[in-house]
Amino acid sequence: DAMIQPDSARVNIQCSGRLLNLNGIIFYNTKNNNPDGFGALPLIIDLGKGQAVPGLEQGLVGMKKGGIRRIIVPQELGYTTKSQELEPRPMNANDQRALDSVVKNSRRDGALLFDVQLERFRGA
């Protein structure tokens, strides 16, 4: 079976993102991103183009279609105050406030946890 290679794929994933050091609060979930409310829309990322949190991209490498993985992202590979436009982005103001409370507070560890299912990918 084909696996995701670094810098070479467009991936469609279902995922949830949690702030580990804010009691595991969910700040992102593809199940909540369909405005119609019918089914989860996947998050689509082109790997190697700087679109997503670096630790999430690295954690996707080697996955196969249908694969499920829990990816823990250390602060240095997560969001920074300069990288808040990276995917996945919170979908509402409450989730954004939760993320900001970690990213913008140097006393808090910004470690993240993503539960990911790879729906499909296409090589470059």
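The values are calculated or read from the model by the stated rules, or taken from the named source; none is laboratory data. Here the structure is a predicted model, which is why all the values come from computation and not from measurement. Note: ideal-geometry Cβ built from the backbone for every residue, glycine included; neighbour counts use all protein chains shown.
Brief remarks follow.
- Some residue of region 22-30 being in a loop (DSSP other than H, G, I, E, B), under 14 Å from LEU112 (Cα atoms) and in contact (Cβ under 8 Å) with a residue 60 or more places away in the chain: yes
- Residues being under 14 Å from CYS15 (Cβ atoms) and either touching a Phe, Trp or Tyr at 6+ places or on another chain (Cβ under 8 Å) or charged (D, E, K, R) (or both) - total across region 25-55: 2
- The requirement of being aliphatic (A, V, I, L, M), in contact (Cβ under 8 Å) with a residue 24 or more places away in the chain and touching a strand residue (DSSP E or B) at 6+ places or on another chain (Cβ under 7 Å) is satisfied by LEU112.
- Candidates ASN12, ASN34: the one that is in contact with a Leu (Cβ under 6 Å, 6 or more places away or on another chain) and either outside any helix (DSSP H, G or I) or without any contact (Cβ under 8 Å) to a residue 60 or more places away in the chain (or both) is ASN34.
- Any chance ARG122 is surrounded by 14 or more Cβ atoms within 10 Å (Cβ to Cβ), within 28 Å of MET3 (Cβ to Cβ) and of a type in the set (Lys, Arg): no
- Test: ASP100 is farther than 23 Å from MET63 by Cβ, under 16 Å from the mean Cα position of the chain (by Cα), modelled with pLDDT of 90 or more and among the acidic types (Asp, Glu): yes
- Qualifying residue in region 63-70 (condition: buried (at least 19 other Cβ atoms within 10 Å of the Cβ) and either assigned to a helix (DSSP H, G or I) or among the hydroxyl-bearing types (Ser, Thr, Tyr) (or both)): no
- Residue ID - modelled with the highest pLDDT, chosen from residues in region 71-96 that are charged (D, E, K, R) and exposed (fewer than 12 other Cβ atoms within 10 Å of the Cβ): GLU76
- When every residue of region 98-107 is checked against the conditions, none turns out to be surrounded by 14 or more Cβ atoms within 10 Å (Cβ to Cβ), of a type in the set (Val, Ile, Thr) and assigned to a loop (DSSP other than H, G, I, E, B).
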